[in-house]
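Take a look at the structure below.
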Ligand SMILES: [Zn+2]
């Protein structure tokens with residue numbers, strides 16, 4: 001056991017292939033980012049203990065630190081202010097699966113439940129789960145949502161329960177994505193769809209800026225997937241991927257960078273977001289052709 005920035009950390013094997021041979025890529029805020037020599041998964045090693053990581057998300061400050069962005073790299077600028085944008089992102093996420101009849105939906109890493117609340121308005125029977133006590137209390141008390149506090153692995157729900165699972169900017173925070181996906185596999189109906197959105201370390205921008213990539217925000221992010229490592233992780237846990245796309249606007253919603261947030265806020269304030277949506281979609285398509293994005297969303301079916 002070593003301590004890095006006050007967090008207890010331990011050496012871990014690769015969560016994708018179980019290999020233990022890795023090469024050092026970067027050191028960020030005293031944490032080592034390594035790449036598995038066998039499968040290419042990028043992760044923190046040593047990795048903080050799950051209990052210590054959970055504490056990071058347990059304060060109101062993580063979700064609302066307006067005006068304090070410079071004092072700490074953790075958390076969202078002002079989560080609740082982003083409701084309009086998260087609603088937009090939720091609609092965009094569901095577009096490729098809009099033919100699916102509404103049923104039971106689980107949002108993993110639901111945070112304060114803002115997207116989940118929108119899914120409920122669309123007719124889904126919504127459930128959420130998140131590690132944060134503060135965020136889940138907000139979701140239950142303020143929004144009246146069915147939200148559990150803790151890990152997916154500990155959910156006390158029947159097998160083959162869900163028709164759709166969403167995991168938006170969550171998988172990179174989870175100590176063992178493999179265990180979480182295996183637990184989700186049990187909870188999902190055969191043929192049910194899981195939507196996983198995360199950042200793509202194989203994008204051209206992270207290749208250029210290397211150790212200064214904005215999503216190397218440790219120790220919140222424990223894993224740095226690429227399209228191929230994420231697809232393989234899903235395959236190995238019983239999912240078959242049928243669509244890979246970019247959802248760049250998601251990152252803008254949760255970014256602490258004012259430069260990214262300002263135009264998004266402007267569009268929402270003047271109710272222009274829906275009008276520019278086709279333009280954004282075209283930009284995403286161009287992004288996809290040129291492979292410029294550093295975000296990725298996988299749509300996979302439970303086998
Ligand atoms: Zn590996």
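The values are calculated or read from the model by the stated rules, or taken from the named source; none is laboratory data. Since the model is a prediction, treat every value here as computed from it, not as a measurement. Every residue, glycine among them, receives a Cβ derived from its backbone with ideal geometry; neighbour counts consider all protein chains shown.
Some values worked out for this structure:
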| item | result |
| --- | --- |
| Residue in the range 1-20 that is farthest from residue 218 (Cα to Cα), counting only those that are within 16 Å of the ligand (Cβ to nearest atom) and exposed (fewer than 12 other Cβ atoms within 10 Å of the Cβ) | 18 |
| Scope the range 221-255; condition in contact with a helix residue (DSSP H, G or I) (Cβ under 9 Å, 6 or more places away or on another chain), surrounded by 21 or more Cβ atoms within 10 Å (Cβ to Cβ), in a helix (DSSP H, G or I) and at pLDDT 95 or above; matching residues | 230, 233, 234 |
| The listed residue being without any contact (Cβ under 8 Å) to a residue 60 or more places away in the chain and surrounded by fewer than 23 Cβ atoms within 10 Å (Cβ to Cβ), out of 116, 122 | 122 |
| Residue ID - farthest from residue 210 (Cα to Cα), chosen from residues in the range 21-39 that are assigned to a strand (DSSP E or B) and more than 16 Å from the ligand (Cβ to nearest atom) | 31 |
| Yes/no for residue 92 being surrounded by fewer than 23 Cβ atoms within 10 Å (Cβ to Cβ) and within 19 Å of the chain's Cα centre (by Cα) | yes |
| Boolean, residue 184 is in a helix (DSSP H, G or I), at negative phi, in contact with a strand residue (DSSP E or B) (Cβ under 6 Å, 6 or more places away or on another chain) and touching a residue at least 40 places away in the same chain (Cβ under 8 Å) | yes |
| Candidate set from the range 141-152 (those that are in contact (Cβ under 8 Å) with a residue 12 or more places away in the chain and not in a loop (DSSP other than H, G, I, E, B)); member that is nearest to the chain's Cα centre (by Cα) | 152 |
| Residue count for the range 125-146, restricted to those that are closer than 18 Å to residue 87 by Cα and crowded, with 21+ Cβ neighbours inside 10 Å | 7 |
| Residue count for the range 40-49, restricted to those that are closer than 22 Å to residue 229 by Cα and either away from the ligand (no atom under 16 Å from the Cβ) or in a loop (DSSP other than H, G, I, E, B) (or both) | 5 |
